[in-house]
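What follows is a short report on a single structure.
The values are calculated or read from the model by the stated rules, or taken from the named source; none is laboratory data. Since this is a predicted model, take the numbers as computed values, not measurements. All Cβ positions, even for glycine, are placed from backbone atoms using ideal geometry, and neighbour counts span all protein chains on display. Calculation scope for accessible area: heavy atoms of the full protein, side chains included, ligands and nucleic acids excluded. Shrake-Rupley method; radii C 1.70, N 1.55, O 1.52, S 1.80 Å.
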Amino acid sequence: MTQQNALQRSWLGFSLGLGVVLAHLAWEFSHGGVRSHHLLNSPDLPAISNWWGLLALPLLGWAAAYTVARRLASQAQGWSAVRYAWLGALLLGLALSGAFLAGYTALTTGLFFTVLAAGLVLPTYRLEYLFGFVLGMTFVFGAVLPAIVATVAAVLSGFLHRLLYPACVSLLRRARA
């Protein structure tokens, strides 16, 4: 895939992100105004307006589609793995949002830790996971707070998959030699 094709595909992610955030903001605007969410759901901490989603979600969609297109151009891996990753993250985000709305605190906590645990075995540092998760949570929390949470989980996953696991493998190989 050429650079041009990767850029063309990236506009699909941008459009999806923009469409979702515009639908969310239109719904909120027509139902009492655009909300703001406090960090950690604590009134003592700063609130982030859902208007910031107009910047965050389309850019995240663009970046996810661009990096996926570039990665798949240099690998034999197909789009099906990316679709499953994105869909799984989307469903987990939807489940977490639904549990929060329904007031199931224990389930919400369990699903949050599932997000972190998934990063132990899956490369959730990849942007398709991040984008799917944020899309799934946008209608409940806006786009920015889920992006912050997902970024923390992605950093942990990236640390494990890119640094810690390869270092452990290298140490094991040296110990066997």
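Here the Karplus relation 6.51 cos²θ - 1.76 cosθ + 1.60, evaluated at θ = phi - 60°, turns the backbone of the range 92-106 into coupling constants of 5, x, 5, 5, 5, 5, x, 5, 5, 4, 6, x, 7, 4, 5 Hz, with x for every Gly and Pro. Note: relative contact order over the range 23-89, using C-alpha pairs below 8 Å and six or more positions apart, is 17 percent. Residue by residue, what Karplus-based ³J(HN,Hα) values in Hz, rounded to whole numbers, does the range 79-87 have, using 6.51, -1.76 and 1.60 with θ = phi - 60° and x for Gly and Pro? Running phi through 6.51 cos²θ - 1.76 cosθ + 1.60 with θ = phi - 60° gives 5, 4, 5, 5, 4, 5, 4, 5, 5 Hz. Once C-alpha pairs closer than 8 Å and six or more residues apart are averaged by separation and normalised to the residue number of the chain, the relative contact order reads 25 percent. In whole percent, how big is the carbon plus sulfur part of the accessible area of the chain, probe 1.4 Å, protein atoms only? Roughly 70 percent, rounded to a whole number. Taking the centroid of alpha carbons for each part, the range 119-162 and the range 26-69 are 14 Å apart. Excluding ligands, DNA and RNA, the accessible surface per residue across the chain is 58 Å² with a 1.4 Å probe.
What is the chain by shape, rounded, prolate or oblate, if you read a ≥ b ≥ c off the alpha carbon gyration tensor as root eigenvalues and call it rounded for a/c under 1.5, prolate for a/b larger than b/c, and oblate otherwise? Note, shape of the chain comes out oblate. Annotation: amide H-H contacts under 5 Å for residue 35 (H modelled 1.01 Å from N, sequence separation of 5 or more, or interchain): 50. Packing, taken as the mean count of other beta carbons within 10 Å per residue, orders the peptides 27-35, 117-125, 51-59 from highest to lowest as 51-59, 117-125, 27-35.
Per-peptide packing, taken as the mean over residues of other Cβ atoms within 10 Å, places 15-21, 156-162, 97-103 in the sequence 15-21, 156-162, 97-103 from highest down. 3J(HN,Hα) couplings calculated from phi for the range 36-51 with the Karplus curve 6.51 cos²θ - 1.76 cosθ + 1.60 (θ = phi - 60°) are, in sequence order, 10, 10, 7, 4, 6, 6, 10, x, 6, 9, x, 9, 10, 6, 5, 4 Hz; Gly and Pro show x.
Under 5 Å from the amide H of residue 125 lie the amide H atoms of 158, each residue being 5 or more positions distant or on a separate chain, with H modelled from the backbone and absent for Pro and chain starts.
For the range 18-117, the Cα-based Rg and Dmax, in that order, read 16.6, 49 Å. Per-residue ellipticity at 222 nm, computed for the chain from helices alone with -39500 (n - 2.57) per DSSP H run of at least four residues, works out to -25500 deg cm²/dmol.
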